[in-house]
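S.K.: Below you'll find the structure I mean.
The values are calculated or read from the model by the stated rules, or taken from the named source; none is laboratory data. Not measured: the values here are computed from a predicted model. Because the Cβ atoms are built from the backbone with ideal geometry, glycine has one as well, and the counts that use them run over all protein chains shown. Side chains are part of the model used for accessible areas, which takes the heavy atoms of the whole protein and leaves out ligands, DNA and RNA. Shrake-Rupley method; radii C 1.70, N 1.55, O 1.52, S 1.80 Å.
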Amino acid sequence: MKLQKSILTFLLILPVIWCSVAFGQTERNTKELKNATLPDLIGYALLNQPGVQQSLIDEEIGERDIKSALSGWFPQINGTATYNNNLKQQVSVLTMNGESQQLVLGTRHTSAFTLQADQKFLDAGLIQASKASKYYRQQYQQNTENTRINTVVSVSKAYFDVLTSIEQLKIINENIARLEKQLKDAKAQYENGLVDKTDYQRAQISLSNSKADKKRAEESIKYKYAYLKELIGYGGDRDFSLNFDQVKMENEILIDTNQRETYENRIEYRLLQTQRELQHLNTNYNKWSFLPNITGFINYNFNYLNNNFGDLYNKNYPSSLFGLKLNLPIFQGTKRIQELKKSQLQEQRIDLDLVNVKNQIKSQYVQAMATYKANLNDWKTAGANVEISRQVYQTIKLQYDEGIKAYLDLMTSETDLRTAQLNYLNSLYSLLASRLDVQQALGTITVNQ
């Protein structure tokens, strides 16, 4: 009885033991970002961005799925308990020497406790799980890599956007300073009777418009900062400031335009290759399904028999059994053949997906490189235009002060200078963004922390 109670107690607490296993969590970075550079933002995002965190959790979930599938190779131990009350016991007739007697078979009360262990030796599903585990791990890691690459690109573009907006605000402030001086000069000339009030009024209108542009730019920067914080997973009202090194970025803006696309560098292509390997294993599984399943088993039974319920567990009649079981499905209505043909067709479909993604990669590379070259030319042209516009403005400003040029000419040159400066910044942002697109098309963006 003590042995029986010990076994029952173990079976009851076994689920509690398994459920007490604790899983580790990925440590997140909670430092404040002050005077942060682009590498600082990317490093923070790769640790804290919710999408990246979810990909890492998906890897852990996938690992549990793999271990769950492979657990079928271990012995499967089960315990069962039964109790039967034979309300009507079976009666058999025994005839000896011409005389018949009725025999009551069994007892009124029966109970049994069984421990059984099953061990699979040959099973198509387990063979597939063993061979596919490598590719499933690879697929989860590639999904995480893909998420990280997209995070690097989106954070970098948002950082460049903030940089461009801040530089645009500086240009607007410089323009406001010029217009305030022009307004002051025009007002003085008007009060001295040298010009009519239209110059003064035009200067006032231009100044008001520039101040409206400043307000719009300031509000836009607030949103862009908030969006950047969202992308990197920087929540709350903690301090957040950026460090911009425009000269360094301009020095790193050039890339080798002679590089050619390599399909294996693209994570999308490698993901499809992994899917094809998994599909090929699924095809093999449908072939292995024609093999028999072989399982070994052993059990031990505690049997209790008595006509009196109160005395049922006083005596045990144990039994034990060991054996092998072979299960060979002979005919399943062509189901296995149809599944095999279906899997082969799915392999062919993935092969076509690989061809299609190669074409897409080629197209993306050509488009990204063409855009980059066009933006590079725009950036160089805009830089030259800024210098020319500045010289024109300075010359016309001197001529206006001497009374040679009209105020309209001065306004036009000032507008041209501001437009050239803003065009330069826009072309710089477009160039930086297209450079990222080229790197993504080439598959050369690194995501190492």
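S.K.: Please find the FRET efficiency linking residue 63 to residue 268, where r is the Cβ-Cβ separation and R0 is fixed at 22 Å, and quote it to the nearest 0.05.
M.R.: Efficiency for this residue pair is about 0.40.
S.K.: Please report the relative contact order for the chain, taking Cα pairs under 8 Å with a sequence separation of at least 6, and give it as a percent rounded to a whole number.
M.R.: 21
S.K.: Still on this structure, please answer the following. Would you please name the GluC sites (Glu not before Pro) within the range 213-252 that are DSSP coil residues with at most 14 other C-beta atoms within 10 Å of their C-beta?
M.R.: The qualifying sites are 252.
S.K.: Scan the range 37-92 for trypsin sites (Lys or Arg not before Pro) in coil per DSSP, keeping those whose Cβ has at most 13 other Cβ atoms within 10 Å, and list them by number.
M.R.: Passing sites in the range 37-92 are 88.
S.K.: In straight Cα distance, which aspartates and glutamates are under 13 Å from residue 214, not counting same-chain residues fewer than 8 positions off?
M.R.: Partners within reach: 167, 174.
S.K.: Would you kindly find the accessible area of residue 93, with a 1.4 Å probe and non-protein molecules such as ligands, DNA and RNA excluded, rounding to the nearest 10 Å²?
M.R.: 100
S.K.: Counting pairs of alpha carbon atoms under 8 Å apart in space and at least six apart in sequence, what relative contact order in percent does the range 305-449 give?
M.R.: About 27 percent, as a whole number.
S.K.: Would you tally the net charge around residue 77, using a Cβ to Cβ cut-off of less than 14 Å, leaving residue 77 out, and scoring K and R as +1, D and E as -1?
M.R.: Here the count lands on 0.
S.K.: Distance between the C-alpha centers of the range 141-156 and the range 166-213? Whole Å please.
M.R.: 47
S.K.: In whole Hz, what ³J(HN,Hα) sequence does the range 286-301 give by Karplus (6.51, -1.76, 1.60; θ = phi - 60°), x for Gly and Pro?
M.R.: So the J values, rounded to whole Hz, are 5, 6, 5, 5, 7, 7, x, 9, 10, 10, x, 8, 8, 9, 9, 10.
S.K.: Follow-up. In the full protein assembly as shown, how much of residue 96 is accessible to a 1.4 Å probe, in Å² to the nearest 10?
M.R.: 120
S.K.: OK, next. Could you go through the range 220-226 in sequence order and give the Karplus-derived ³J(HN,Hα) for each residue, using 6.51 cos²θ - 1.76 cosθ + 1.60 with θ = phi - 60°, rounded to whole Hz, and x for Gly and Pro?
M.R.: Residue by residue, the range 220-226 yields 5, 5, 4, 5, 5, 5, 4 Hz.
S.K.: How are the alpha carbon pair distances in the range 67-200 distributed across 10 Å bins from zero to the largest one, expressed in percent?
M.R.: 9, 12, 10, 10, 10, 9, 8, 7, 7, 6, 5, 4, 3, 2, 1, 0
S.K.: To continue, here is another question. Taking only Cα atoms, what is the 0 to 90° angle, nearest 10, from helix 407-442's long axis to the longest principal axis of the chain?
M.R.: The answer is roughly 30 degrees.
S.K.: On a C-alpha basis, how far is the centre of the range 302-372 from the centre of the range 216-286 in Å? Whole number, if you could?
M.R.: Taking the Cα centre of the range 216-286 as reference, the centre of the range 302-372 is 36 Å away.
S.K.: Determine, at each q value in 0.13, 0.16, 0.23, 0.25 (inverse angstroms), the log₁₀ of I(q)/I(0) that the Debye formula gives when each Cα of the range 307-396 is one equal point scatterer.
M.R.: Scattering profile of the range 307-396, log10 relative to I(0): -0.84, -0.93, -1.12, -1.16.
S.K.: May I pose another question? Over the range 101-141, consider all pairs of different Cα atoms and compute the Kirkwood hydrodynamic radius from their mean reciprocal separation; express it in Å, one decimal.
M.R.: So the Kirkwood estimate lands at 15.5 Å.
S.K.: To the nearest 10 degrees, how steeply does helix 38-48 sit against the main Cα axis of the chain, on a 0 to 90 scale?
M.R.: 20
S.K.: Residue 197: which lysines have alpha carbons under 24 Å from its alpha carbon, excluding same-chain residues fewer than 8 sequence positions away?
M.R.: 181, 184, 187, 211, 397, 405
S.K.: For helix 2-19, what angle does its Cα long axis make with the longest principal axis of the chain, in degrees from 0 to 90 and rounded to 10?
M.R.: It works out to around 20 degrees.
S.K.: Mind listing which chymotrypsin sites (Phe, Trp or Tyr not before Pro) in the range 327-408 are in a DSSP loop and have 16 or fewer other Cβ atoms within 10 Å?
M.R.: Taking the range 327-408 and a limit of 16 other Cβ atoms within 10 Å, the loop chymotrypsin sites (Phe, Trp or Tyr not before Pro) found are 331.
S.K.: So what's the back-of-envelope 222 nm ellipticity for the chain, counting only DSSP H runs of four-plus at -39500 (n - 2.57) apiece and dividing by all residues, rounded to 500?
M.R.: Result for the chain: -23000 deg cm²/dmol, rounded to the nearest 500.
S.K.: So what's the range 244-375 giving for Rg/Rh, alpha carbon basis, Kirkwood Rh from the mean inverse pair distance?
M.R.: 1.44
S.K.: In whole Å, largest first, what are the principal axis extents of the Cα atoms in the range 340-389?
M.R.: 71, 9, 6
S.K.: Further question on the same structure: Karplus couplings for the range 147-162 from phi (6.51 cos²θ - 1.76 cosθ + 1.60, θ = phi - 60°), rounded to Hz, Gly and Pro as x?
M.R.: 4, 5, 4, 4, 5, 4, 5, 5, 5, 4, 5, 5, 5, 5, 5, 4
S.K.: Additional query: Which entry is the computed percent of Cα pairs over 32 Å apart for this structure: [x] 43; [y] 34; [z] 66?
M.R.: This structure yields the entry labelled [z].
S.K.: To check my understanding: the extent here is largest minus smallest coordinate of the Cα atoms along each principal axis. What are those three numbers for the range 333-439, in Å, largest first?
M.R.: Answer, in whole Å and largest first: 101, 20, 13 Å.
S.K.: What does the charge count near residue 292 come to, summing +1 for each Lys or Arg and -1 for each Asp or Glu among other residues with Cβ under 15 Å from its Cβ?
M.R.: Local net charge: +3.
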